[in-house]
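Since every read-out is calculated from the coordinates, none of them should be taken as a lab result. This structure is a prediction, so every number in the text was calculated from the model and none was measured. Heads up, the Cβs are rebuilt from the backbone with ideal geometry, glycines too, and the neighbour counts pull from every protein chain shown.
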């Protein structure tokens, strides 16, 4: 092998190593981004579930509140001290 061939061979090897390093880094970055996207999607879904659950609970509490107010109004109309029918 001549000196020029050795020189070319080393240059090609360095170029190949550089190319492989960039390719591996791109793969790692792609994997990191994919994992991050999955993490964000899971988090978003969890927050969505929490929001829907809270909305459902708020609706239930509003219905319960209306029912209790209605019962309170009805109880006010029935005055327990009104004994006029007793005498």
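Can you give me the angle between helix 3-77 and the longest principal axis of the chain, using Cα atoms only, in degrees from 0 to 90, rounded to the nearest 10? Helix 3-77 sits at roughly 0 degrees to that axis. Here, P(r) means the percent of Cα pairs in each 5 Å bin from 0 to the largest distance; for the chain it is 3, 10, 6, 8, 6, 6, 6, 5, 6, 5, 5, 5, 4, 4, 3, 3, 3, 2, 2, 2, 2, 1, 1, 1, 1, 0, 0.
Relative to the current alpha-carbon distance between residue 62 and residue 42, full extension at 0.36 nm per residue lengthens the span by 4.2 nm. Given R0 = 41 Å, the distance between the Cβ atoms of residue 77 and residue 55 translates into a calculated FRET efficiency of 0.75.
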